[in-house]
Amino acid sequence: MTTDPNDPMHHAMIAAEAAAARGEVPVGAVVVGPDGTIIAQAGNRTLELKDPTAHAEMLAIREACEALGNERLTGCDIYVSLEPCQMCAGAISFARLRNLHFAAADPKMGGVLHGGKFFEQPTCHHRPEVHQGHLAHQSAELLRAFFRTRR
């Protein structure tokens, strides 16, 4: 993993590792404001909160909206350790996030490059610019290690 404290994906990976330590699927997300500062950071908490919507992206988006006092995150970017699912892709679109950066692709549950490809649908009103691959190997290895202990 990168040790650059200025790299938002580094912080998303830290949140993913914290989720794994809690027994949650290791996914982390960070929202960066228009000025480049981190305004929200979260890891999965679906088990802890007994809430199927408590994905890292959803929690980080909620926290960022609260911090900015607005349901729109125009000019903000989100960094996620794993390709967002359909639900999270929808939330990213509705929040009007400018850029989506994700580390590892998720052929099984992803909703951006895989599955329903949310941003490619004609009903999608806002499409962030999508960037992928930064720290993909580290994210994939964290996920593999987590699930290996579950088998």
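The values are calculated or read from the model by the stated rules, or taken from the named source; none is laboratory data. For clarity, every value in this text was computed on a predicted model and none was experimentally measured. Neighbour counts run over all protein chains shown; Cβ positions are idealised from the backbone, glycine included. The protein model used for the area step is the full one, side chains on, heavy atoms only, and it has no ligands, DNA or RNA in it. Shrake-Rupley method; radii C 1.70, N 1.55, O 1.52, S 1.80 Å.
Restricting the stretch 126-137 to residues that are open to solvent by 70 Å² or more (accessible area, probe 1.4 Å) and not basic (K, R), the residue that is nearest to E66 (Cα to Cα) is E129.
The rows are residues; the columns are (1) out of contact with any strand residue (DSSP E or B) (no Cβ under 7 Å at 6 or more places or on another chain); (2) in a loop (DSSP other than H, G, I, E, B); (3) open to solvent by 10 Å² or more (accessible area, probe 1.4 Å).
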residue	(1), (2), (3)
N70	yes, yes, yes
V80	no, no, no
M87	yes, no, yes
L100	no, no, no
C124	yes, yes, no
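Restricting attention to the stretch 126-144, the residues that are within 12 Å of V80 (Cα to Cα) and part of a loop (DSSP other than H, G, I, E, B) total 3. With respect to being farther than 23 Å from A105 by Cα and either buried (at least 19 other Cβ atoms within 10 Å of the Cβ) or under 13 Å from the mean Cα position of the chain (by Cα) (or both), I39 fits the description.
Consider the stretch 44-57 and keep the residues that are crowded, with 24+ Cβ neighbours inside 10 Å, in contact with a helix residue (DSSP H, G or I) (Cβ under 6 Å, 6 or more places away or on another chain) and not acidic (D, E). The one that is farthest from H125 (Cα to Cα) is N44.
Name the residue, out of A104, A140, that is surrounded by 14 or more Cβ atoms within 10 Å (Cβ to Cβ) and closer than 16 Å to E57 by Cβ. On inspection, the qualifying residue turns out to be A104. In the stretch 44-56, the residues that are of a type in the set (K, R) form Cβ pairs under 7 Å with partners that are assigned to a loop (DSSP other than H, G, I, E, B) and surrounded by 13 or more Cβ atoms within 10 Å (Cβ to Cβ), at six or more places apart or across chains, as follows: R45/E24; R45/A54. Of the numbered criteria (1) farther than 25 Å from F147 by Cα; (2) touching a Lys or Arg at 6+ places or on another chain (Cβ under 9 Å); (3) open to solvent by 70 Å² or more (accessible area, probe 1.4 Å), the one C76 fails is (3).
Tell me which residues, restricted to the stretch 1-26, are in contact with a strand residue (DSSP E or B) (Cβ under 7 Å, 6 or more places away or on another chain) and open to solvent by 10 Å² or more (accessible area, probe 1.4 Å). Listed by number, the residues that qualify are P8, H11, I14, A18. Report whether or not T74 is more than 21 Å from H11 (Cβ to Cβ) and of a type in the set (S, T, Y). Criteria met by T74.
Please determine whether any residue of the stretch 86-102 is among the basic types (K, R) and without any contact (Cβ under 8 Å) to a residue 24 or more places away in the chain. No; the residues of the stretch 86-102 include none that is among the basic types (K, R) and without any contact (Cβ under 8 Å) to a residue 24 or more places away in the chain.
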